[in-house]
Amino acid sequence: MTRRYLPSTLPRLAEAWERDGPEVLDPVVAEDDGEETEYAALMTAADASAALRAGLPDGQRRRVVVVVET
């Protein structure tokens, strides 16, 4: 099983759910399935999500990370 961490925002996630779900573009993937590398991948995706929220209103400025398991 591979986990892909997708950085997003609340508005982007809402738009994706109106379609067929989130697109898997530029996911962050852990190097292996060890707990430490998965945590590092999650934090990298969270940092990318923080950059995406610039310019959003205060109520929508939440970091969102979607985890996709394949």
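The values are calculated or read from the model by the stated rules, or taken from the named source; none is laboratory data. Remember, predicted model here, so these are calculated numbers, not experimental data. Here the Cβ is made from the backbone with ideal geometry for all residues, glycine too, and neighbour counts use every protein chain on show. Please note that ligands, DNA and RNA were not included when accessible areas were found on the heavy atoms of the full protein model with its side chains. Shrake-Rupley method; radii C 1.70, N 1.55, O 1.52, S 1.80 Å.
Side notes on the structure shown:
- C-alpha long axis of helix 35-52 to longest principal axis of the chain, angle in °: 20
- For the stretch 1-67, accessible area per residue (1.4 Å probe, heavy atoms of protein chains only), Å²: 71
- On the basis of the beta-carbon distance and an R0 of 22 Å, Leu42 and Glu15 show a calculated FRET efficiency of 0.45.
- Shown here: Cα Rg over 2.2 N^0.38 Å, derived from the displayed model; of the candidates (i) 1.49; (ii) 1.06; (iii) 1.12, it corresponds to (iii).
- Helix-only [θ]222 nm of the chain, DSSP H runs n ≥ 4, -39500 (n - 2.57) each, per residue, nearest 500: -12500 deg cm²/dmol
- Sulfur and carbon atoms: percent of accessible area, the chain [1.4 Å]: 48
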